[in-house]
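To start, the structure itself, in structure tokens.
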Amino acid sequence: MSFTSIIVQSSPFDGQKLGTSGLRKAVSVFQQKHYTENFVQSILSALGEQVTGSTLVVGGDGRYFMTEAVKIITRMAASNGVAKLVIGQNGVLSTPAVSCIIRKRSATGGIILTASHNPGGPKGDFGIKYNISNGGPAPESVTNRIFECTKAISEYKTCPDLLVDIGSIGVQEYQVDGRKFIVEIIDSVTDYVDYMKEIFNFGELKAYLTNQEKPFKVVADAMHGVVGPYATRIFCSELGLPSESCINCVPKDDFGGHHPDPNLTYAADLVALMKKGIHAFGAAFDGDGDRNMILGQNGFFVNPSDSIAVIAANAKCIPYFQKTGVKGLARSMPTSGALDRVAKGDGLQLFEVPTGWKFFGNLMDADKLSLCGEESFGTGSDHIREKDGLWAVLAWLSILASRKQTIKEIMKAHWTKYGRNFFTRYDYENVDSEAAQKMMTNLRQLVQEASFVGKCYTEGNKSYTVKLGDDFEYEDPIDKSISKKQGLRIIFEDGSRVIFRLSGTGSSGATIRLYVDSFEANQDRHNMMAADILKPLVTIALKISQLQELTGRQAPTVIT
Ligand code: VG1
Ligand code: CO
């Protein structure tokens, strides 16, 4: 079938700036005439000459407006000279699956349709991310180029009559403006699951999980996000677990009206289920499948900052790392220092990067980094270039199968060996933007004053003296690019840290994140609650920032 493209006149929309991870706005914003088209054209234009003859992977988390977006992308890609699109069946691909497929098929890049952990549905959020040829989120050099295109756009190219069937697996061939345009619809799950079978020993895992005398009860909660079909295939079809092991595994375009965010607040149902004590292992995932929460029996919570530290310390339980070794470790700046202790103990290099997975890619491509994580329930490795929720779960299950201990026992042994970093994050969602900006501006000024260092803050019987205050700045060790203003840090003499950042993934108002990290070597205190240990530091942080006075918020929306 042959088609002819047309040029549509358009003009820029304000604010098509990519945040921590792609462009995220309310669905109604994306539904405006030309809005999505402008952004897609900007991605394609930012590719420059690379676009001609390129192969792009396209897929998303199944949220409302995704199929419309796939249609728009298909028509525009054809008109802009893309040679081939690889699309998940019905448009469905998890974020880690996109990364896996880009690498496996040596694609030019990929477009991911998701607003990740943000709610979906007609009144929820939509989002578009662009990933580059290494499979990872576009670095700032690329996202800045896309943003510049959005500001200068005057027209876009599309092929309005082209209608691709995204429901049927197979290859379709079209002629567009005299060029061949190929669309390959692939099974959403197979490539990813095949890769997991290379990384982990599925035979051993199956034997451990389905042991007739002592079956290991697992529950995986997909929160109605994209992980559902992947989890069902892996846990039920491959590892032989009963179907009730997978809950909320039918994807819904509005995630059942919930936040598809795997934390103690938004995955409260799973926490309640785990507290019944029936399951030895529980996990939840976010909308696009790159985040994970790990829970042990009776709801024992594994803090994400600890999770990556435990996986790093036990990497030898995973066949992939038996082959590649561990080249180095990395965490985002606000993530607790638990990983630093593993790096020190095991003689590995540790990198501290700004928030957002895009900062890990260069280190991985340069063979300096194998395992990395973020406090925001992101865990991953250099097997792909995205964080990977199911990978994290399989990593934990491999460690459990190899050590034959419970999650709680493994965590306790880890703290005994390395000491414990207590960590908490307070999120204040949908705060008035001006108030949030004002708080950050005041605080930036304060922490950068020369007299700030040496100041002593006392709360109850605890005193903390400021060792350093700054606005975190990062120089990429590989391409030497510099990222400024990545979060206000207050570091005390004893190594405790208080960090303030504004979220870059929200779609309305501002979200303030307050992170608190404190190391405790004394084993007698390892069983205490993080909330109790960190209370003085939280109080000091609130006082220094005047958060409550400036925002009018007495309590955070979410505490991790
Ligand atoms: C948040 C997290 C960050 C994560 C990002 C994308 O960003 O803090 O660690 O990489 O979301 O995750 P921010 O700017 O809101 O703090 V996902 O799973 O929403 O793509
Ligand atoms: Co996500």
When a footprinting reagent is the concern and you count Cβ atoms within 10 Å, what order do HIS34, HIS224 take, fewest first? HIS34, HIS224
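Semi-axes, largest first, in whole Å: what does sqrt of 5 times each Cα gyration tensor eigenvalue give for region 72-205?
Working: eigenvalues 142, 83, 49 Å².
So the three semi-axes of region 72-205 are 27, 20, 16 Å.
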In whole Å, largest first, the alpha carbons of region 1-112 cover along the principal axes 36, 31, 26
Can you give the extra length, in nm with one decimal, that the chain gains between ASP494 and GLN437 once fully stretched, where that is 0.36 nm per residue apart less the Cα-Cα distance? 17.6 nm
Taking 0.36 nm per residue of separation between LYS408 and VAL250 and subtracting their Cα-Cα distance, the length gained on full extension comes to 53.9 nm
Along region 301-309, what does the Karplus equation 6.51 cos²θ - 1.76 cosθ + 1.60 (θ = phi - 60°) give for ³J(HN,Hα), rounded to whole Hz, x for Gly and Pro? 8, 9, 5, x, 5, 6, 4, 5, 5
Expressed in nm², what is the orientationally averaged projection area of the convex hull enclosing the Cα positions of region 465-504? 3.5
Any idea how far apart LYS276 and ARG179 come out in nm if each label point goes 7 Å out from Cα toward Cβ? 5.6
Give me the lysines in straight-line cross-link reach of LYS276: C-alpha distance below 19 Å, same-chain residues under 8 apart excluded. LYS214, LYS217, LYS408
What are the semi-axes of the equivalent ellipsoid of region 376-508, taken as the square roots of 5 times the eigenvalues of the Cα gyration tensor, listed largest first and rounded to whole Å? 33, 23, 16
Please list, in chain and number order, the residues 5+ apart from LYS467 or on another chain whose amide H is under 5 Å from its amide H, with Hs placed from the backbone. GLY454, ILE491, PHE492, GLU493
Principal axis box of region 278-394, alpha-carbon based, largest edge first, Å: 43, 27, 25
Nearest 0.05, what FRET efficiency do GLU352 and MET1 give at R0 = 41 Å with Cβ-Cβ as r? 0.20
Directionally averaged projected area (convex hull, Cα atoms, region 287-343), nm²: 5.3
Quick note on ARG341, ARG489, ordering by fewest other C-beta atoms within 10 Å, gives ARG489, ARG341
Sorted largest first, the C-alpha extents of region 475-546 along its principal axes in whole angstrom are 44, 34, 21
Along the charge dipole of the chain, which of GLY62, SER376, VAL8 sits closest to the positive end, that is, farthest toward it, with unit charges on the beta carbon of Lys, Arg, Asp and Glu (+1, +1, -1, -1)? SER376
Would you please give the residues with an amide H less than 5 Å from that of CYS246, counting only those at least 5 places away or on a separate chain, with H modeled from the backbone geometry? ALA220
How many nm separate the modelled label positions at ILE482 and ALA450, each set 7 Å beyond the Cα in the direction of the Cβ? 2.2
Find the cysteines in the chain that fail to meet the 4.7 Å Cβ criterion with every other cysteine, and list them. CYS100, CYS149, CYS159, CYS236, CYS317, CYS372, CYS456
For the chain, restrict the atom set to alpha-carbon positions and state the Rg and Dmax in Å. 23.4, 77
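Every number here is computed from the coordinates shown, using simple stated rules; none is lab data. Small disclaimer: the values here were computed from a predicted structure and weren't measured. No Cβ is skipped: glycine too gets one built from the backbone with ideal geometry, and neighbour counts run over all protein chains shown.
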